[in-house]
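Presented below is the structure to which this report refers.
The values are calculated or read from the model by the stated rules, or taken from the named source; none is laboratory data. Given the structure is predicted, the values throughout are model-derived calculations rather than measurements. All Cβ positions, even for glycine, are placed from backbone atoms using ideal geometry, and neighbour counts span all protein chains on display.
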Amino acid sequence: MSPRKNFSHLDDHLANALEVMGEWWTPLIVAAVNKGSFRFESIQNSLGIARNILTDRLNTLVAGGVLEKRLYTTKPQRYEYHLTTKGEELIPILHDLERWGKRHH
């Protein structure tokens, strides 16, 4: 049996949240953007994440309404990523997870 790719079969609010935030790297990307890494290269360098994984996670976060893309140059097209209001609501939750990780490390 292959692992599930989504939780759409569940009628559960936690499952809904995990559809957007449940993949590895995703909380760290949100935290990096919150700390001021807005551009792809900056996020990648701060985390040491593979380009293809970062691209996938950024697309998921934009589609989920957590981040928004803002064009900062047209030739070539380059974007910055910024938290939306929805994304900003995650920051206290991530801080709680960070404190939990510190206590239980």
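Summary of computed values
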| read-out | value |
| --- | --- |
| Region 74-98 - residue that is among the hydroxyl-bearing types (S, T, Y) and under 18 Å from G36 (Cα atoms) and, of those, surrounded by the most Cβ atoms within 10 Å (Cβ to Cβ) | Y81 |
| Matching residues, region 65-75, being at pLDDT 95 or above, of a type outside the set (A, V, I, L, M, F, W, C) and either outside any strand (DSSP E or B) or under 10 Å from the mean Cα position of the chain (by Cα) (or both) | G65 |
| Search result, residues across region 6-62 that are touching a residue at least 40 places away in the same chain (Cβ under 8 Å) and not charged (D, E, K, R) | V20, M21, P27, V30, A31, V33, N34, F38, F40, T60, L61 |
